[in-house]
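Right, one structure below, let's go through it.
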Amino acid sequence: VQLQASGGGLVQVGNSLRLSCAVSGGAFSRYGMGWFRQAPGKEREFVGAINWSGGRTNYADSVKGRFTISRDNAKNTVYLRMNSLKPEDTAVYYCAARRDGYADHRSEAVDYWGQGTQVTVSS
């Protein structure tokens, strides 16, 4: 199973970005999908997750109300729409997949990881 994240870049405070993660080689429509991020000198942290059907989502408190995770099972792709970006959102963003289909925040429950895409928010 391969996860290919894209869409990162350099943006100014208050602007928006949409990350995409295309999944190949697996049963995407059965996977719970998530996004994590890691800032320099910090541990990887949970951002958001969506269950296999898209009917349930879960967000970190730090991004709730600003970020939206969604999925398109026909395109084997999960998205992270990030609005009202802040400098503290600067990090490498990783997409993740869980075979059990749940929208879970635990990194230890992830079965597959993507390679990461850099998001930099400048003030």
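Brief remarks on what is shown
- When the range 66-75 is filtered for residues that are among the polar types (S, T, N, Q) and not in a strand (DSSP E or B), only ASN73 remains.
- Breaking point among (1) among the small types (Gly, Ala, Ser); (2) open to solvent by 60 Å² or more (accessible area, probe 1.4 Å); (3) assigned to a strand (DSSP E or B), for GLY55: (3)
- Residues (farther than 16 Å from ASN58 by Cβ, open to solvent by less than 80 Å² (accessible area, probe 1.4 Å) and part of a loop (DSSP other than H, G, I, E, B)) located in the range 87-123: THR90, ASP111, GLY114, GLY116
- From ALA103, ALA96, ALA74, residue being touching a Ser or Thr at 6+ places or on another chain (Cβ under 7 Å) and either closer than 19 Å to GLY25 by Cβ or touching a residue at least 60 places away in the same chain (Cβ under 8 Å) (or both): ALA103
- Looking at VAL47, VAL63, VAL78, VAL23, just one residue is surrounded by 14 or more Cβ atoms within 10 Å (Cβ to Cβ), in a loop (DSSP other than H, G, I, E, B) and of a type in the set (Val, Ile, Thr), and that residue is VAL63.
- Residues being surrounded by fewer than 13 Cβ atoms within 10 Å (Cβ to Cβ) and over 15 Å from GLU88 (Cβ atoms) - total across the range 26-44: 0
The values are calculated or read from the model by the stated rules, or taken from the named source; none is laboratory data. Predicted, not measured: the structure shown is a model, and the values here were computed from it. Methodologically, a virtual Cβ is constructed for each residue, glycine included, from the backbone with ideal geometry; neighbour enumeration extends over all protein chains shown. These accessible areas exclude ligands, DNA and RNA; they are computed on the full protein's heavy atoms, side chains included. Shrake-Rupley method; radii C 1.70, N 1.55, O 1.52, S 1.80 Å.
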